[in-house]
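Here is the structure we will look at, set down as C-alpha cells.
The values are calculated or read from the model by the stated rules, or taken from the named source; none is laboratory data. Everything quoted here is computed from the prediction, not taken from an experiment. We place every Cβ from the backbone using ideal geometry, glycine too, and count neighbours over all the protein chains shown.
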Amino acid sequence: MTRVWKWNRPVTVREVLEDLQQERSIAYTTVMTVMDNLHQKGWVRRESEGRAYRYEAVSTRAAYAAALMNEAWSQSDNPAAALVAFFGMMSEEQRQALRDAVRIVQGPETPAPPPAERTPAPESPSDSAGENPGSAPEGSGR
C-alpha cells in the first residue's frame with residue numbers, strides 16, 4: 001500500500017516492482033500476488049489496461065491509519081485506559097497534533113451570548129410567586 005499511496009495515482013504491478021527492486025530483489029509474481037490480495041480485501045480497485053491492471057488506493061493513508069486505530073481501540077475492554085496508555089506513549093509533537101486535530105473536529109468555539117440574549121432557566125413550580133418555602137417575601141428582612 002505504501003507504494004500505491006506514494007504515487008497517488010493508478011499504478012501497474014510493473015511500476016511497483018521496479019520501485020521495490022531499487023531496494024531489494026523481488027519477483028514480479030510476488031508483487032502481482034500482493035496487489036491481487038489487496039484488491040480482494042478491498043484496499044485497492046483495479047482497471048484493466050491491455051493485459052495488465054492499474055491499481056488505485058480506495059482510501060487515503062490517513063483513513064487507513066484511522067481505521068487501524070479505531071479497530072484497536074474498539075477491541076479494548078477499557079477504552080479510557082487504552083487511550084491514557086496510548087497518549088502516554090506519544091511525543092510532545094504528537095500530543096500537539098492531537099490537540100490540533102481535536103480543535104478541528106470540534107470546530108470554532110462560539111462565545112456565550114451576552115446576558116440579555118440568554119434564555120432564562122425554566123421556573124420550577126415551587127419557584128413561582130413566593131411559593132418556595134425556602135425564599136422569603138421581598139422586604140421581609142431575611
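When Gly139, Gly88, Gly107 are checked against the criterion of being more than 30 Å from Lys6 (Cβ to Cβ), exposed (fewer than 10 other Cβ atoms within 10 Å of the Cβ) and at pLDDT 90 or above, a single residue qualifies: Gly88.
It is to be established whether one or more residues within segment 34-44 are free of Cβ contacts under 8 Å to residues at least 24 places away in the same chain, assigned to a loop (DSSP other than H, G, I, E, B) and over 20 Å from Ala65 (Cβ atoms). There is no residue in segment 34-44 that is free of Cβ contacts under 8 Å to residues at least 24 places away in the same chain, assigned to a loop (DSSP other than H, G, I, E, B) and over 20 Å from Ala65 (Cβ atoms). Report yes if Ser48 is outside the structural domain of Val13 (by TED's automatic domain parsing) and surrounded by fewer than 15 Cβ atoms within 10 Å (Cβ to Cβ), otherwise no. In short, no. Tallying residues that are out of contact with any strand residue (DSSP E or B) (no Cβ under 9 Å at 6 or more places or on another chain) and part of a helix (DSSP H, G or I) within segment 49-101 yields 34. Does segment 4-25 contain any residue that is in contact with a Ser or Thr (Cβ under 8 Å, 6 or more places away or on another chain) and modelled with pLDDT of 90 or more? So far as segment 4-25 goes, yes, one or more of its residues are in contact with a Ser or Thr (Cβ under 8 Å, 6 or more places away or on another chain) and modelled with pLDDT of 90 or more.
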